[in-house]
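Colleague: Before I ask anything, here is the structure I am working with.
Read the figures in this text as sums done on the coordinates, not as results from a lab. These figures come from a predicted structure and were not determined experimentally. Cβ atoms come from the backbone with ideal geometry, glycine included; neighbour counts cover every protein chain shown.
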Amino acid sequence: MFNVRDDEPKYAFLAGNTGTDKNRYGDSIELVDGDHELAGESLRINDDAGIGDNPNRYKQHGFYFKADNCIACHACESACSEKNDLPPHISFRSVGYVEGGSYPDYHRLNISMACNHCDDPVCLKGCPTRAYTKFSEYGAVLQDPDICFGCGYCTWVCPYNAPQLDLVKGEVSKCNMCVDRLEVGLKPACVAACLAGALDFGIIETAPENSTQLEVQIPGFPTPDITHPNIRFEQTNSLPKEMRRTDSMPLRYEQDQQGRGAYVPKVAAGKSDKEWNLTKLRSREDPLVIFTLVTQAVIGAFMLFILAPFAGLSVVSASQPGWLTSAFLFTLLGLESLALFLSTMHLGKPHRFYRAFNNLRYSPVSREVAGVAVFFNCLLGYTLLTVFPGLFTWLLPSSFVSGFAAFCGWVGVVSGPVALYFMHSIYRIEARPYWNHWQVLTSFYGNTLALGGVLAGLFFGLGVTMMGIDSRLVIEFILGLMLMGVTMEAIGLFAHARDMVAGGGEGAASQYLQTTRFGKTYVLRNVGLALSVVILAGFAFMQAGIAVTLGAFLFVSAIITVTAVIGRALFYVLMIPTTMPGAFFWKNPGFEEHARETGLADMPQVGVVPDAH
């Protein structure tokens, strides 16, 4: 157990009981009935089997932050980092700030934030490895780095930037509420270290001494509706109607209801010049750009291959010359193997990839992995049974081999779109408004038709023509599917841009960056999409020779591929989460980018890990 010093100051000890049975969300503060089978269990802290004698052990606890008192001394950060032995680039608790007004009436609001140990922890539900647990003891949401394999999805879904992905260790860790201190009646280390009395801790909904407010909102704090966080604020000093962040996020916070309501996020517009910034399309998520696009293309091409004969296109089938079918299927298999390899190596601990199946009940990541795994195995089985039937007919009847190949094909046709639906659901995150739109689904399915058509057309349009077989109907059919795909993508993007601007907040800020920082690249992508639609629609209403048709197919295929890559790269780099404000140097994406460009990131004490894609 944690050793309590003989001279431990009085303010370091936990206070008493709450005055209510339920919190403001309607959840019970008492987490375990008195006769519950879990009552009296050890938390096994540092392998200690002891049980704390805290009488409020099974009540929901939480942090209290008195913003008027915070002086941004960062003592809470230092105490947390020292207790948890954290490296310079990881901080479970961070102090950021927003500011407003002008001299001499200038106001700065400091915000100290760690994990809020929410009633509805989205990190727990999203984690594919089940590394998170919501404990009955103190209501702490704890995470086990040894179970984590470093996908970082919990860092996406958390609105408060609480889980920290350590790119050096390849794992996530976070605030553990200092449960070892709670067991012996002490407040967390960050609270005990606070110099100005800004941080406090206790049973939730219990007002600390000398406190007058228990609010759940403060300028810069995301809506509590997402996770029902266990943190309460007090902020009584008057503030300007508008508060701005000092980090690079183009956001400001404006008071609604004529200056008497909560602060809501708005776009902080700066320069409006359109730029290319093609080099800044790179991000840590580059493997996911390739993985998502390739998987969608392979699924689309395989579905076309299986279903085309039923549309009267016998040219596209396994009955074609063996080398063409073999080349097509092995190309699909090779591309999807590469995509799976890249997505696996994207993990902090790739050797633990199998843990992705641990949370099929809640995690969209687990469901996506399962769906893609089913499709990949169907593709593999169909390929082997179709290309090398002799490997199996010596043991099994040929009718069974062909029947099982057909079974694999049809299961692949069904599992592919299902896997893509699960893939899209990964990005429907409330904490990331730019992603949380139905356009993600139209984009993924649109690329399935368009890029799948590109792959199939190269083999069964261009390839068959080179063999002297008339492929006009096949090419026209594929061009029609590609038209459906790019039209679906274009409609979704139009609605997405409109809805982001109308919705305001972080989504509008992402759209603002898209039209300024990446403005020329954005225009290039849109022109490419429009050109693709025009060309494809033109061939839907005209008759042309096979040479012209093939030439148009190759030209539009190049445009679609380039625009798809640009669009998917923008999808990842533009996203602005509903996270807490940073400071000028700390938790500031702009400074992190500067540090990597100038070499400052090579100095560990700067707290920025050198960039590595």
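Colleague: Multiply the residue separation of Arg428 and Lys280 by 0.36 nm, subtract the distance between their alpha-carbon atoms, and state the gained length in nm to one decimal.
Modeller: That pair, Arg428 and Lys280, stretches by 50.9 nm at full extension.
Colleague: Now a separate question. With angles folded into 0 to 90 degrees, how steeply does helix 439-457 sit against the dominant principal axis of the chain? Use alpha carbons for both and round to 10.
Modeller: So the inclination is approximately 30 degrees.
Colleague: Then there is this: So for Ile51, Ile475, Ile90, fewest C-beta neighbours within 10 Å to most, what's the order?
Modeller: Lowest to highest Cβ neighbour count: Ile51, Ile90, Ile475.
Colleague: Related question: Work out the P(r) tail for the stretch 159-226: percent of alpha carbon pairs separated by more than 16 Å, whole number.
Modeller: 66
Colleague: Assuming a ≥ b ≥ c are the square roots of the Cα gyration tensor eigenvalues, decide whether the stretch 169-297 counts as rounded (a/c under 1.5), prolate (otherwise, with a/b larger than b/c) or oblate. Don't skip to the end; give the middle numbers.
Modeller: Working: a/c = 2.58, a/b = 1.37, b/c = 1.88.
Since a/c reaches 1.5 but b/c is at least a/b, the shape of the stretch 169-297 is classed as oblate.
Colleague: If you filter the stretch 150-250 for GluC sites (Glu not before Pro), then keep DSSP loop positions with at most 16 other Cβ within 10 Å, what is left?
Modeller: Glu209
Colleague: What are the ³J(HN,Hα) couplings of the stretch 478-488, residue after residue, when phi is run through the Karplus curve with 6.51, -1.76, 1.60 and θ = phi - 60°? Round to Hz, x for glycine and proline.
Modeller: 5, 4, x, 5, 5, 4, 4, x, 6, 5, 4
Colleague: Work out, step by step, the length gained on full extension between Gln605 and Tyr106: first 0.36 nm times the residue separation, then minus their alpha carbon distance; give nm to one decimal.
Modeller: Result: 176.5 nm gained on full extension.
Colleague: Over what distance in Å are the Cα centres of the stretch 482-531 and the stretch 194-220 separated?
Modeller: Using only Cα atoms, the two centres lie 42 Å from each other.
Colleague: Let me ask you something else. As an exercise, identify the trypsin sites (Lys or Arg not before Pro) in the stretch 38-145 lying in DSSP coil whose Cβ has no more than 15 other Cβ atoms within 10 Å.
Modeller: Values: sites: Arg44, Arg57, Lys59, Lys66, Lys83, Arg93, Arg108, Lys125, Arg130, Lys134; in loops: Arg44, Arg57, Arg93, Arg130.
Here the trypsin sites (Lys or Arg not before Pro) that fit, given the DSSP loop and packing criteria, are Arg44.
Colleague: Roughly what would the spin-label model give for Ser211 and Arg498, points 7 Å off Cα along C-beta, in nm?
Modeller: 4.6
Colleague: Something else: Based on alpha-carbon centroids, what's the gap between the stretch 98-141 and the stretch 546-576 in Å, whole number please?
Modeller: Distance between centres, Cα-based: 40 Å.
Colleague: Give me the distance between the Cα centres of the stretch 142-178 and the stretch 250-300, rounded to whole Å.
Modeller: 22
Colleague: So how strong a dipole does the stretch 278-573 carry about its Cα centre when Lys and Arg Cβ are +1 and Asp and Glu Cβ are -1, to the nearest 20 debye?
Modeller: That gives the stretch 278-573 a dipole magnitude of about 780 debye.
Colleague: Another one. Going toward the positive end of the dipole of the stretch 10-244, with +1 on Lys and Arg Cβ and -1 on Asp and Glu Cβ, which of Val172, Cys73, Ile45 do you reach last?
Modeller: Farthest towards the positive pole: Cys73.
Colleague: Using each residue's phi in the stretch 187-198, evaluate 6.51 cos²θ - 1.76 cosθ + 1.60 at θ = phi - 60° and report the 3J(HN,Hα) Karplus result to the nearest Hz, with x for Gly and Pro.
Modeller: 6, x, 4, 5, 5, 5, 8, 5, 6, 9, x, 7
Colleague: What residue among His107, Pro589, Val298 has its Cα farthest toward the positive end of the dipole of the chain, where the charges are +1 on Lys, Arg and -1 on Asp, Glu, each on the Cβ?
Modeller: Val298
Colleague: Only loop residues by DSSP count here, and only those with at most 13 other Cβ atoms within 10 Å; note down the chymotrypsin sites (Phe, Trp or Tyr not before Pro) in the stretch 405-512 that meet that.
Modeller: For chymotrypsin sites (Phe, Trp or Tyr not before Pro) across the stretch 405-512 that sit outside H, G, I, E and B with at most 13 neighbouring Cβ atoms in 10 Å, the list reads Trp438.
Colleague: Calculated FRET efficiency, Thr133 and Met1, Cβ-Cβ r, R0 30 Å, to nearest 0.05?
Modeller: Taking R0 as 30 Å, the efficiency between Thr133 and Met1 is 0.90.
Colleague: Grab the alpha carbons of the stretch 278-573, take their convex hull, and tell me the volume per residue in Å³.
Modeller: 140
Colleague: Can you give the translational diffusion coefficient of the chain in µm²/s, computed by Stokes-Einstein from the Kirkwood radius over Cα pairs at 37 °C and 0.692 mPa s? Before the final figure, lay out each step's value.
Modeller: Working: Rh = 27.0 Å.
It diffuses with D of about 122 µm²/s by this estimate.
Colleague: Which one of Ile226, Tyr25, Thr442 is farthest out on the positive end of the charge dipole of the chain, using unit charges on Cβ (Lys, Arg +1; Asp, Glu -1) and the Cα centre as origin?
Modeller: Checked the options; the winner is Thr442.
Colleague: Among Arg181, Arg244, which comes first, second and so on when ranked by fewest other beta-carbon atoms within 10 Å?
Modeller: Result, fewest neighbours first: Arg244, Arg181.
Colleague: Return one number: the angle in degrees, 0 to 90 and rounded to the nearest 10, between the long axis of the Cα atoms of helix 519-540 and the longest principal axis of the Cα atoms of the chain.
Modeller: Roughly 30 degrees, rounded to the nearest 10.
Colleague: For the chain, what is the charge dipole size about the Cα centre, in debye to the nearest 20, if Lys and Arg each add +1 at the Cβ and Asp and Glu each add -1 at the Cβ?
Modeller: 1780
Colleague: Could you work out the relative contact order of the stretch 10-244, using alpha carbon pairs under 8 angstrom and six or more residues apart, expressed as a whole percent?
Modeller: Once normalised by length, the contact order is 29 percent.
Colleague: Using the Karplus curve 6.51 cos²θ - 1.76 cosθ + 1.60 with θ = phi - 60°, what ³J(HN,Hα) values do you get for each residue of the stretch 290-295, in whole Hz, with x for Gly and Pro?
Modeller: Whole-Hz 3J(HN,Hα) from phi for the stretch 290-295: 5, 4, 5, 5, 5, 4.
Colleague: Between Ser42 and Phe388, what is the spin-label point distance in nm, taking each point 7 Å from the Cα along the Cα→C-beta axis?
Modeller: So the two model labels end up 5.4 nm from each other.
Colleague: Could you list which residues have their amide H under 5 Å from that of Phe13, counting only those 5 or more apart in sequence or on another chain, with H placed in the peptide plane?
Modeller: Here Lys187 satisfy the definition.
Colleague: Could you tell me what fraction of 2.2 N^0.38 Å the Cα radius of gyration of the stretch 10-244 comes to, as a two-decimal ratio?
Modeller: On the way: Rg = 17.6 Å, N = 235, 2.2 N^0.38 = 17.5 Å.
Dividing the Cα Rg of the stretch 10-244 by 2.2 N^0.38 Å gives 1.01.
Colleague: Still on this structure, please answer the following. What translational diffusion coefficient, to the nearest whole µm²/s, does the stretch 229-273 have by Stokes-Einstein, given a Kirkwood radius computed over alpha-carbon pairs, a temperature of 10 °C and 1.306 mPa s viscosity?
Modeller: Value of D from the Cα-based Kirkwood radius: 130 µm²/s.
Colleague: Excluding residues on the same chain fewer than 8 positions from Lys266, give the lysines whose Cα lies under 16 Å from its Cα.
Modeller: Straight-distance partners of Lys266: Lys241.
Colleague: Compute for the stretch 481-586: radius of gyration divided by Kirkwood radius, i.e. Rg/Rh, restricted to C-alpha atoms, rounded to two decimals.
Modeller: Radius of gyration over Kirkwood radius for the stretch 481-586 works out to 1.12.
Colleague: Can you compute the helix-only [θ] at 222 nm over the chain? Use -39500 (n - 2.57) per DSSP H run of at least 4 residues, normalise by all residues, nearest 500 deg cm²/dmol.
Modeller: -13500 deg cm²/dmol
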